[in-house]
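Any read-out appearing in this document is the output of simple, stated calculations on the displayed coordinates, not a laboratory observation. Worth saying up front: this structure is predicted, and the values here are computed from it rather than measured. FYI the Cβ positions are ideal-geometry reconstructions off the backbone, even for glycines, and counts take in every protein chain you see.
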Amino acid sequence: MADRVRVRRVYDPVQDDGGQRVLVDRLWPRGLSRSKARIDEWCKEVAPSTELREWYGHEPTRYDEFARRYRGELDDPVRAEALSHLRELAGNGRLTLLTATKDFAISQAAVLALLLDD
């Protein structure tokens, strides 16, 4: 399934080869209308907890610990079901995980992409 899952910013222009576009943030992106977002689905159930998100604060030095804690949170039944749904989407073709995070390489979407590409 390698290279079937991509991570992009929800604010970036839509790429035609992106397949299914799924927003994986808990909060709706600021200043972006639903029509401009052009998402196929909003899977906020897979997002990290508010506590973890606030602790992390997208501080690059905390990314490894964030990723470890987030993978642990994905064992929660609701998040596990949402992750399973994303696996199903990824199995059906290209999947683009969207986030509002400026540095998406150190976001929950990046953690999800690694898990889904396994």
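For the chain, the dipole from Cβ point charges (+1 on Lys and Arg, -1 on Asp and Glu) about the Cα centre works out to 440 debye, to the nearest 20. Inter-part distance, segment 75-93 to segment 1-71, computed on C-alpha centroids, equals 14 Å. Given only helices, namely DSSP H runs of n ≥ 4 each adding -39500 (n - 2.57), what is the per-residue ellipticity at 222 nm of the chain, to the nearest 500 deg cm²/dmol? Mean residue ellipticity at 222 nm (helix-derived): -11500 deg cm²/dmol. Shape of segment 5-117 from the C-alpha gyration tensor: oblate (a/c of 1.5 or more and a/b not above b/c, with a ≥ b ≥ c the square roots of its eigenvalues). Give me the log10 of I(q) over I(0) for segment 13-65 at q = 0.13, 0.18, 0.20, 0.23 Å⁻¹, as the Debye formula computes it from C-alpha points; what are the numbers? Log10 of I(q)/I(0), two decimals: -0.43, -0.75, -0.86, -0.97.
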